[in-house]
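> Provided herewith is a single structure, encoded as C-alpha cells, for subsequent inquiry.
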Amino acid sequence: MKKMILVTSPPACGKTYISKQLAKSLRHVVYLDKDTLIPLSNRVFAAAGEEINRSSEFFEKNIRDYEYETIVDIGVEALEYDDIVLINAPFTKEVHSEETLERFRNKLRAKNAKLVIIWVVTSPVVCHKRIIERNSERDTWKLEHWDEYIKTVDFSIPEPLKRLDAGHDLLLFYNSSDEEFEQSMKEILPRLEDDI
C-alpha cells in the first residue's frame, strides 16, 4: 500500500535531518520539505508590507495553513508516481486536529494510500541548543523571546495521534542523542517499507 509519511514535532527536534536520512534509506520515495515554500511566503509578507515574522498574527491568518494544505496536496499528487511520499514539516496545529487529520486521510484513501505519522521525541533543552546552532533567520524572534516562545510549545504526543482506531500509523522517533537516533532508525525503517 502507498504511504504518505509526515515527520512532525515541535521545531528543532531534528525533523529535517531525520527526514532526509529516512528518505535516503527508503526505496521508491519522494521527499518534500515545507520549508521549500518559505521564499514564496516571504513574498506574501513583502507584498502586504508586513515584517517577516512566522510567529505573527498576519502569518497565522494569511500564510500558515495554506503552506500545509499545499505541501500535502503536492504529496498526494506525487503518489501517482511513486509508492512513498515523505513530508518534513512541524504540522503543529494539524496533528492536534482530528478533523484535519481525517481530511488528510480522506485525500489519501482516494489514492489507496495510508497516512503514517512519525512524531520526533526530543528534549526541550536539546531543541534550544539546536536552534542556536542552526543560526537561522526564521528563529530570530524565538531566540530573542525564548521564555515566551517555549511556553507555547507542547512537546507531548498529541491526543489525536494516539488513537489506534483513527486510520493512521504512529511511530515515535527518539532523537535526544546519537544513540537514540541510531536505534530509532533501525526500528522504524523496516516498518516504513513493509507491505509496499
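The values are calculated or read from the model by the stated rules, or taken from the named source; none is laboratory data. Values in this document were obtained by computation on a predicted structure and should not be read as measured data. Here the Cβ positions follow ideal geometry from the backbone for every residue, glycine too, while neighbour counts run over all protein chains shown.
> Can you name every one of the strands (runs of 3 or more DSSP E) wholly within the range 1-117 that holds 2 or more residues which are on the phi > 0 side of the Ramachandran plot, under 18 Å from the mean Cα position of the chain (by Cα) and touching a residue at least 60 places away in the same chain (Cβ under 8 Å)?
By residue number, no strands (runs of 3 or more DSSP E) qualify.
> Would you check if residue 170 is in a strand (DSSP E or B), more than 18 Å from residue 31 (Cα to Cα) and not β-branched (Val, Ile, Thr)?
Working: in a strand (DSSP E or B): yes; more than 18 Å from residue 31 (Cα to Cα): yes; not β-branched (Val, Ile, Thr): yes.
So residue 170 fits the description; yes.
> Among the residues of the range 15-27, is any touching a Cys at 6+ places or on another chain (Cβ under 8 Å), closer than 22 Å to residue 192 by Cα and at pLDDT below 95?
Kept after step one, since they are touching a Cys at 6+ places or on another chain (Cβ under 8 Å), are these residues of the range 15-27: none.
No, there is no match, as no residue in the range 15-27 is touching a Cys at 6+ places or on another chain (Cβ under 8 Å), closer than 22 Å to residue 192 by Cα and at pLDDT below 95.
> For the range 38-61, how many residues are within 16 Å of residue 89 (Cβ to Cβ) and of a type in the set (D, E, K, R)?
2
> Condition (residue is surrounded by 15 or more Cβ atoms within 10 Å (Cβ to Cβ), in contact with a Lys or Arg (Cβ under 7 Å, 6 or more places away or on another chain) and either of a type outside the set (Asp, Glu) or part of a helix (DSSP H, G or I) (or both)) applied to the range 182-190: is it met by at least one residue? First the steps, then the outcome.
In the first step, residues of the range 182-190 are kept if they are surrounded by 15 or more Cβ atoms within 10 Å (Cβ to Cβ); the result is 184-185, 188.
Still in the list and also in contact with a Lys or Arg (Cβ under 7 Å, 6 or more places away or on another chain): none.
Checked the range 182-190: no residue is surrounded by 15 or more Cβ atoms within 10 Å (Cβ to Cβ), in contact with a Lys or Arg (Cβ under 7 Å, 6 or more places away or on another chain) and either of a type outside the set (Asp, Glu) or part of a helix (DSSP H, G or I) (or both).
> Which one of the conditions (1) assigned to a helix (DSSP H, G or I); (2) of a type in the set (Ser, Thr, Tyr); (3) under 17 Å from the mean Cα position of the chain (by Cα) does residue 156 fail to meet, given that it meets all the rest?
In the conditions (1) assigned to a helix (DSSP H, G or I); (2) of a type in the set (Ser, Thr, Tyr); (3) under 17 Å from the mean Cα position of the chain (by Cα), residue 156 misses (1) alone.
> Within the range 4-49, can you find the residues that are farther than 20 Å from residue 120 by Cβ and among the small types (Gly, Ala, Ser)?
Passing the criteria: 41, 46, 47, 48, 49.
> Conditions first: (1) modelled with pLDDT of 95 or more; (2) within 30 Å of residue 178 (Cβ to Cβ); (3) surrounded by fewer than 22 Cβ atoms within 10 Å (Cβ to Cβ). Residue 85 passes all but one, so which condition is the exception?
(3)
> Inspect all residues belonging to the range 140-151 and state whether any of them is surrounded by fewer than 18 Cβ atoms within 10 Å (Cβ to Cβ), in a loop (DSSP other than H, G, I, E, B) and not small (Gly, Ala, Ser).
Quick first cut of the range 140-151, residues surrounded by fewer than 18 Cβ atoms within 10 Å (Cβ to Cβ) only: 140-141, 143-151.
Now drop any that are not in a loop (DSSP other than H, G, I, E, B), which leaves 145, 151.
Next, from what is left, pick out any that are not small (Gly, Ala, Ser): 145, 151.
Among the residues of the range 140-151, at least one is surrounded by fewer than 18 Cβ atoms within 10 Å (Cβ to Cβ), in a loop (DSSP other than H, G, I, E, B) and not small (Gly, Ala, Ser), which makes the answer yes.
> Tally up the residues in the range 39-54 that are aliphatic (A, V, I, L, M) and loosely packed, with under 12 Cβ neighbours inside 10 Å, please.
Step one: of the range 39-54, the residues aliphatic (A, V, I, L, M) are 40, 44, 46-48, 52.
Going one step further and asking which of them are loosely packed, with under 12 Cβ neighbours inside 10 Å, we end up with 46-48.
Adding up the residues that qualify gives 3.
> Select from the range 107-139 the residues that are more than 21 Å from residue 182 (Cβ to Cβ) and buried (at least 20 other Cβ atoms within 10 Å of the Cβ) and list them in ascending order.
108, 113, 115, 117, listed by residue number.
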